[in-house]
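This report refers to the structure that appears directly beneath it.
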Amino acid sequence: MERSSMSNPSGSKAMRFWPMALLAGIAILAIVGAAALVIFSGWYNVAADVPHTQAVYWLMQTSRDRSIEVHAVNIVAPDNLADPKRVADGAGLYAEMCSRCHLAPGMERTEISRGLYPRAPELRHGVDLTPTEEFWVVKHGIKMTGMPAWGVTHSDKLLWDLVAFLQKLPELTPDQYRALVKSAPSHEEMMGTEADHGHEDHTHH
Ligand code: HEC
């Protein structure tokens with residue numbers, strides 16, 4: 001509001017301002033009150049065997065997608081994601097760390113994959129994420145979904161191996177998948193080599 005109108009002695013502006021302010025205040029209180037009622041009454045069902053309402057689903061999905069996009073913006077992917085050694089190492093890690101939730105070519109649905117909500121997508125069908133977005137998700141996990149933050153326990157190098165494997169996963173037959181997993185070093189071996197030269201690319205976020 002401009003100074004000249006504030007000092008207008010007629011009072012007509014003020015007479016319009018205060019009822020509006022009161023209405024706005026009441027509206028805000030009503031919204032906060034309704035939210036408190038929903039939260040504290042326990043009305044929203046958090047059970048994983050009952051789907052979200054459309055509105056909550058939209059809210060969570062949209063915040064999730066935007067958050068991943070924005071947080072992955074400054075990540076730079078290594079240029080050797082197609083390196084067969086990376087892909088094979090990633091396959092070994094995937095079989096051990098990811099397949100029980102995300103399944104794999106030729107694999108039956110597991111109990112955990114059937115009970116998770118939101119569902120863990122079957123990554124062999126491909127995902128709508130870029131490699132850097134995949135890296136961010138794998139490293140940091142996703143709150144309130146069961147997707148763990150693997151960066152807590154694994155170096156960036158191993159996480160990029162996983163991302164390298166994810167690029168190949170949609171083309172693999174069950175036999176190719178099994179062969180690739182077999183060709184990978186054991187998890188312990190990979191974690192061991194890690195301890196030796198694991199600090200090479202910890203600059204990414
Ligand atoms: C305990 C179960 C579980 C394990 C183990 C797990 N994930 Fe997930 N993951 C999930 C769930 C659930 C989601 C879906 C989250 C959502 O809907 O927001 C998810 C989402 C993802 C996504 C995003 C997919 C998309 O379309 O947006 C990627 C990529 C991913 N996981 C990779 C991995 C990798 C790689 C591993 C192994 C290192 C792994 N996950 C291990 C449960 C798991």
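The values are calculated or read from the model by the stated rules, or taken from the named source; none is laboratory data. All of these numbers come straight from a predicted model, not from anything done at the bench. For neighbour counting, all protein chains shown are included, and Cβ atoms are generated from backbone atoms with ideal geometry for every residue, glycine included.
General observations
- Given (1) touching a residue at least 12 places away in the same chain (Cβ under 8 Å); (2) surrounded by fewer than 17 Cβ atoms within 10 Å (Cβ to Cβ), number of the condition GLY151 does not satisfy: (2)
Each row is one residue, and each column tells you yes or no for (1) outside any loop (DSSP other than H, G, I, E, B); (2) at pLDDT below 95; (3) more than 13 Å from the ligand (Cβ to nearest atom).
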{"residue": "HIS154", "(1), (2), (3)": "no, no, no"}
{"residue": "ASP161", "(1), (2), (3)": "yes, no, no"}
{"residue": "GLN167", "(1), (2), (3)": "yes, no, no"}
{"residue": "GLN176", "(1), (2), (3)": "yes, no, yes"}
{"residue": "LYS182", "(1), (2), (3)": "yes, no, yes"}
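Matching residues to (1) in contact with an Asp or Glu (Cβ under 6 Å, 6 or more places away or on another chain); (2) assigned by TED's automatic domain parsing to the domain that holds THR145; (3) closer than 24 Å to GLY146 by Cα:
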position	(1), (2), (3)
ILE26	no, no, no
ASN45	no, no, yes
ASP49	no, no, yes
ILE75	no, yes, yes
PRO78	no, yes, no
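- Unmet criterion (only one of (1) within 6 Å of the ligand (Cβ to nearest atom); (2) over 21 Å from ASP65 (Cα atoms); (3) not acidic (Asp, Glu)) for HIS102: (2)
- Filtering segment 132-141 to residues that are within 6 Å of the ligand (Cβ to nearest atom) and either without any contact (Cβ under 8 Å) to a residue 60 or more places away in the chain or not in a helix (DSSP H, G or I) (or both) leaves GLU134, VAL138.
- You will find that of ALA95, ALA82, ALA88, the residue that is within 11 Å of the ligand (Cβ to nearest atom), among the hydrophobic types (A, V, I, L, M, F, W, C), assigned by TED's automatic domain parsing to the domain that holds LYS139 and under 18 Å from LEU169 (Cα atoms) is ALA95 and no other.
- Search result, residues across segment 1-21 that are assigned to a helix (DSSP H, G or I) and either modelled with pLDDT of 95 or more or of a type in the set (D, E, K, R) (or both): ARG3, LYS13, ARG16
- In segment 114-131, of all residues being near the ligand (Cβ under 9 Å from one of its atoms) and of a type in the set (D, E, K, R), the one that is surrounded by the fewest Cβ atoms within 10 Å (Cβ to Cβ) corresponds to ASP128.
To keep it simple, each residue is scored yes or no on (1) at positive phi; (2) in contact with a helix residue (DSSP H, G or I) (Cβ under 9 Å, 6 or more places away or on another chain); (3) part of a helix (DSSP H, G or I).
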| site | (1), (2), (3) |
| --- | --- |
| ARG64 | no, no, yes |
| VAL70 | no, no, yes |
| PRO78 | no, yes, no |
| ALA82 | no, yes, no |
| GLY90 | no, yes, yes |
| LEU93 | no, yes, yes |
| ARG100 | no, yes, yes |
| GLY106 | yes, yes, no |
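- So VAL137, is it crowded, with 16+ Cβ neighbours inside 10 Å, closer than 22 Å to GLU189 by Cβ and under 20 Å from the mean Cα position of the chain (by Cα): no
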